[in-house]
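The values are calculated or read from the model by the stated rules, or taken from the named source; none is laboratory data. Nothing here was measured: the structure is a model prediction, and the numbers come from that model. Heads up, the Cβs are rebuilt from the backbone with ideal geometry, glycines too, and the neighbour counts pull from every protein chain shown. Note: areas computed on protein heavy atoms with side chains; ligands, DNA, RNA excluded. Shrake-Rupley method; radii C 1.70, N 1.55, O 1.52, S 1.80 Å.
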Amino acid sequence: MPFTTEQLAKLIGGEVIGDAGAILKNFTTIETAQAGSVTFAENEEFFSRAEQSAATAIIADKRFSSAQKIIIQVPNARVAFAKALALFFPDRKYPAGIHPTAVIAATATVDASAHIGPYCVIGERVKIGARTVLQAGNYVGDDSKLGEDVLLYPNVTIYPRGQIGDRVRIHANSVVGSDGFGYVQDGPIHRKVPQIGNVVIGEDVEIGAGVTIDRGALGSTVIGKGTKIDNLVQIAHNVQIGEGCLLVAQVGIAGSAKLGNYVILAGQSGIGGHLKIGNNVIVGAKSGVMHDIPDGQKWLWIPAQPDREVKRQVIALQQLPELLKRVAKLEKMLEGK
């Protein structure tokens, strides 16, 4: 859908510097821009390249102006970029209805506006909310509840009693509510501890592809409102995750750990079991957390430590080769005496 520069500026909270009536047909990268394209730039280098491109308009921070291009000045170019992409590339709309290959229990309740795609299975007493979409091959276990505007990509599995809030997105092949890894040593065998809890996911959560979230052994595993989970993340039984957290790819969280609000776990970091991670904590990539972390701190490394301590240790390690040479030289001098 095309927009005038003025229309686009109003929709993304910006101001046009130049021709307010110019037509913008698409949103592209700087390299592929043509006449009628709009692109964006968030620093001097990209802005210079955008000015030399064929784009008609540039979305940029208010500090930028140009004699060659129409500028849509915005408070934050990255935020405006996200808003503009959603306008030029809106989500697909799924028609209401149930595919003839879907299997739905007689006791399930499916809102008339929902879309149930091919080969989906919906268990007993399940409730599916308004405008919720099951794309294909989805399994929703008994007594689960999906809110409004939920989107399940192909082959997502929701185990029994799963509670999924409004506007949640779960990408392909993710599993919500599988058994927690719970065993007790009984002589020579590992006896399984039944996992009888569930998973509760708050509103506006997005879960990437191939994510596994275990249900609680007793009680619930909880994912807080607005949290975003990247691909291939493992969340164990009875974990509690607060609101607005970011979990990057291949993060692992052991059982009964608790994360506060707005925690960031960078890629491949791990959190030990029963730990408490405070609000606004950042854990660096590949870090192994083995202790509680207070609010607002940044921890790195294995075992993870506050970032200032880690940086001092890294500097010390960098100085170690020279220190060893000096020690060897002193030892030779002492031997000579």
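Sort out which residues of region 55-64 are within 12 Å of PHE40 (Cα to Cα) and not in a strand (DSSP E or B), and write them in order of number. Once the filter is applied, which keeps residues that are within 12 Å of PHE40 (Cα to Cα) and not in a strand (DSSP E or B), region 55-64 yields ALA55, THR56, PHE64.
Residues checked against (1) acidic (Asp, Glu); (2) open to solvent by 60 Å² or more (accessible area, probe 1.4 Å); (3) at pLDDT below 95; (4) within 24 Å of VAL110 (Cα to Cα):
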| position | (1), (2), (3), (4) |
| --- | --- |
| VAL140 | no, no, no, yes |
| GLY177 | no, no, no, yes |
| TYR183 | no, yes, no, no |
| GLY202 | no, no, no, yes |
| GLY208 | no, no, no, no |
| VAL211 | no, no, no, no |
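Please find, among ARG49, ARG63, the residue that is of a type in the set (Lys, Arg), modelled with pLDDT of 95 or more and over 30 Å from GLN135 (Cα atoms). Of the residues listed, the single one that is of a type in the set (Lys, Arg), modelled with pLDDT of 95 or more and over 30 Å from GLN135 (Cα atoms) is ARG49. State the number of residues belonging to region 80-93 that are free of Cβ contacts under 8 Å to residues at least 40 places away in the same chain and open to solvent by less than 80 Å² (accessible area, probe 1.4 Å). So the answer is 2. Looking at ILE229, ILE271, ILE170, just one residue is open to solvent by less than 40 Å² (accessible area, probe 1.4 Å), at pLDDT 95 or above and over 15 Å from the mean Cα position of the chain (by Cα), and that residue is ILE271.
Within region 299-315, residues that are over 9 Å from VAL283 (Cα atoms) sit with their Cβ atoms under 8 Å from residues that are open to solvent by 80 Å² or more (accessible area, probe 1.4 Å) and aliphatic (A, V, I, L, M), at 6+ positions apart or across chains, in these pairs: PRO303/MET290. The set of residues from region 65-109 being of a type outside the set (A, V, I, L, M), within 18 Å of ALA50 (Cα to Cα) and assigned to a strand (DSSP E or B) comprises just one member, GLN73. For region 243-255, the set of residues classified as over 9 Å from the mean Cα position of the chain (by Cα), open to solvent by 30 Å² or more (accessible area, probe 1.4 Å) and without any contact (Cβ under 8 Å) to a residue 24 or more places away in the chain consists of GLN250, ALA254, listed by residue number. A Cβ distance below 8 Å, combined with a sequence gap of six or more or placement on separate chains, defines the contacts here; from region 174-192, residues that are touching a residue at least 60 places away in the same chain (Cβ under 8 Å) and under 16 Å from ALA236 (Cβ atoms) reach residues that are open to solvent by 60 Å² or more (accessible area, probe 1.4 Å) and in a strand (DSSP E or B) in the pairs GLY182/LYS192. When restricted to residues that are open to solvent by 60 Å² or more (accessible area, probe 1.4 Å), assigned to a strand (DSSP E or B) and under 22 Å from GLY273 (Cα atoms), region 187-200 contains 3. Considering every residue within region 233-242, establish whether at least one is modelled with pLDDT of 95 or more and open to solvent by 50 Å² or more (accessible area, probe 1.4 Å). Looking for residues that are modelled with pLDDT of 95 or more and open to solvent by 50 Å² or more (accessible area, probe 1.4 Å), one finds at least one in region 233-242, hence yes.
Within region 110-139, the set of residues being assigned to a loop (DSSP other than H, G, I, E, B) and among the aliphatic types (A, V, I, L, M) comprises ALA112, ALA114, VAL126, ALA130, ALA136.
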